[in-house]
Amino acid sequence: MVNVELQKVSKSYGKVNVLKNLDLRIEDGEFFVLLGSSGSGKSTTLNILAGLDKLDSGKILFDNTLVNELSPIERGVALVFQNYALYPHMTVYKNMAFPLKMLNYRKERIGPIIKEVAEKLDITALLDRYPKELSGGQAQRVALGRALVRDPKIFLLDEPLSNLDANIRSKIRNDLKIMQEELGKTFVYVTHDQMEAMSLGDHVGILHNGKLEQFGKPIDIYKHPNNAFVATFLGDPEINLFSYSWNGKSFDGDGPFNFNININISKITMGIRPENISLEKKGANTMAGKIIPKVSELLGSHTLIVAKTLAGKDIKIITDMTDIPIGKEINVYANIEDCIMFDEQGETINI
Ligand code: ADP
Ligand code: MG
C-alpha cells in the first residue's frame, strides 16, 4: 500500500521542457487519472514514476520515501502500456509466468500464483490459449494479469484502452474500475479521453503543456474549472463560450442572454454547459433569450440541438424534448448560477 508524491518534478528533452515543476499527491489505494491531450507529458510522467526515465530536478516519493535513484524493480511498480505486447508464441499461462521466471521463481511457486491471479481476473479458462486466440478485452486482462503476478505496489497504466474497439471499451473500463476496487492498489492511469477520466478517477489531474492545470474530484473540476481550458477539456459536447462586454447597463455579447453581475471588469467570457440551457422557463430568476436551431440529433435518452444565437454564434443545447422546430426562433432559458465566467486571460472569475 503506497501513496505517491511528485514534488517540483521537471524534465526536458533537449530544449523541450516537457514537465514544469509538477506537484502531485496520489493517495494510497486510489484510482488516479492523469488527463491531457497528446504531447502534454503524460507518458513522460509515468516513465519517471516507473523509473524508466530520469527526472532533471524534483523528488519522487513512495510512502514518503525518496525513490529517485531506485530501479523499476526496486520501486515495485507495474507498467501496462497501450499495446500490451503479449508474447505471441507463448500461451496465456506462459505469458503470465514469464516475469516470475525472470525473477528465478521455481515452477512449484509459479503455478499457485498464476492460478490465483487468473481467478481474480476471470481468465482461468484462457490459460492454454495463444494471444491470437484472444479478444481485445481478454488480451487486456492477460496483460494486467502479467503485471499482477509480481504483486506490484503501484499500477501505472498508459492509455491501456485506446487500442480497443469502442463497443468493448466501456465494458473493460467498468471491469478495470471494479478490479482496482477489489485489489485496493494505487492506480495511476493516463489518458487523453475525458470520458475515461470522469468515469474512472477518484481524483483527476489535468495536464497541459507539462503543467498541472487542476487537480480534484472529477465532478468538482467539471463544475468548478480553474480556467477556460479545463472547462472546455471536460464535457462532451463541450461548454459553450461567449464574449461579453459591459454596455453601461448590462453585459451583452454573442450569447443568447444579457445579464447583470457585480464585477469590476468590462470584458468577460461567459461559459454555459449544453445541459444547463433549457427550452422551458424554470424559475423566477431565469435569464431568457432566443436561438435558431439548425440541426437536432437524437442521442438516445436526450436530444442535442445545434443552433445559432441571434448574434450568429454557434450554441449547443441538450434537452429532453424531441420535437425541435428547425430554422425558427425559439426561447431558451438559463440560470446565472450555472454560468462560469472567465477573464480575458481565461481564468475563472468568482462571482
Ligand atoms: P503524452 O504521453 O501526453 O502524449 P509525452 O510524455 O509522450 O506526451 O511527450 C511529451 C513531449 O515530450 C512531446 O512533445 C514529445 O515529443 C516529447 N518527448 C517525449 N519523449 C521524448 C524523448 N525520448 N525525446 C525527445 N522528446 C520526447
Ligand atoms: Mg503518451
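The values are calculated or read from the model by the stated rules, or taken from the named source; none is laboratory data. None of these values were measured; they are calculated from a predicted model. Cβ placement follows ideal geometry from the backbone for every residue including glycine, while neighbour counts extend to all protein chains displayed. We work out accessible area using only protein heavy atoms, side chains counted, and drop any ligands, DNA or RNA first. Shrake-Rupley method; radii C 1.70, N 1.55, O 1.52, S 1.80 Å.
Beyond 17 Å, the tail of the calculated P(r) for segment 81-134 holds 38 percent of the Cα pairs. Dimensions of segment 244-304 along the principal axes, based on C-alpha atoms and rounded to the nearest Å, stand at 43, 24, 17, largest first. Solvent-accessible surface of the chain, averaged per residue with a 1.4 angstrom probe and all protein chains in place: 50 square angstrom.
Given the rule -39500 (n - 2.57) for each run of at least 4 DSSP H residues, summed and divided by the residues of the chain, what is its mean residue ellipticity at 222 nm, to the nearest 500 deg cm²/dmol?
Working: 9 runs with 89 residues, N = 351.
Helix contribution divided over all residues of the chain: -7500 deg cm²/dmol.
Here the simple spin-label model places points 7 Å from the Cα toward Cβ, and for Ile261 and Asn3 these points are separated by 3.4 nm.
Where Rh is the Kirkwood radius over the Cα pairs of the chain, the temperature 20 °C and the viscosity 1.002 mPa s, what D in µm²/s does Stokes-Einstein return?
Values: Rh = 22.9 Å.
The estimated diffusion coefficient comes to 93 µm²/s.
Return a single number: how many Lys pairs in segment 206-278, at a sequence separation of 8 or more or on separate chains, have alpha-carbon atoms below 27 angstrom apart.
4
Taking the empirical scaling 2.2 N^0.38 Å for compact globular proteins as reference, segment 185-245 has a Cα radius of gyration ratio of 1.17.
So if I place +1 on the C-beta of Lys and Arg and -1 on the C-beta of Asp and Glu, and nothing else carries charge, what would the dipole magnitude of the chain be about its Cα centre? I want it in debye, nearest 20.
Values: 41 positive and 44 negative charges, 174 e Å.
Computed about the Cα centre, the dipole is about 840 debye.
Considering only protein heavy atoms and a probe of 1.4 Å, how much of the accessible area of the chain is carbon and sulfur, as a whole percent?
Numbers: 8500 of 17430 Å².
Heavy-atom surface of the chain belonging to carbon and sulfur, 1.4 Å probe: 49 percent.
Note on Ser135/Phe229: beta-carbon distance plugged into 1/(1 + (r/R0)^6) with R0 of 41 Å gives a FRET efficiency of 0.65.
Per Stokes-Einstein, at 4 °C and 1.567 mPa s, what whole-number D in µm² s⁻¹ belongs to segment 54-196, with the Kirkwood radius over Cα pairs as the hydrodynamic radius?
On the way: Rh = 16.2 Å.
This corresponds to a translational diffusion coefficient of 80 µm²/s.
Determine, from the Cβ-Cβ distance of Leu298 and Glu344 and an R0 of 35 Å, the FRET efficiency 1/(1 + (r/R0)^6), rounded to the nearest 0.05. Computed FRET efficiency for Leu298 and Glu344 comes out at 0.40.
Of Ile113, Leu100, Tyr13, whose Cα points farthest to the positive end of the dipole of the chain (charges on the beta-carbon: +1 Lys, Arg; -1 Asp, Glu; origin at the Cα centre)? After comparing all options, I get Leu100.
In this structure, Asp53 and Lys115 have a Cβ-Cβ separation that, at R0 = 45 Å, corresponds to a calculated FRET efficiency of about 0.85. Across segment 206-343, the volume of the C-alpha convex hull divided among the residues equals 131 Å³ per residue.
To check you understand DSSP bridge types, tell me what percent of the beta bridges within segment 95-223 (both residues inside) are antiparallel, rounded to 5. If you can, show how the numbers build up before the last one.
Working: 5 of 10 bridges.
Of those bridges, close to 50 percent are antiparallel.
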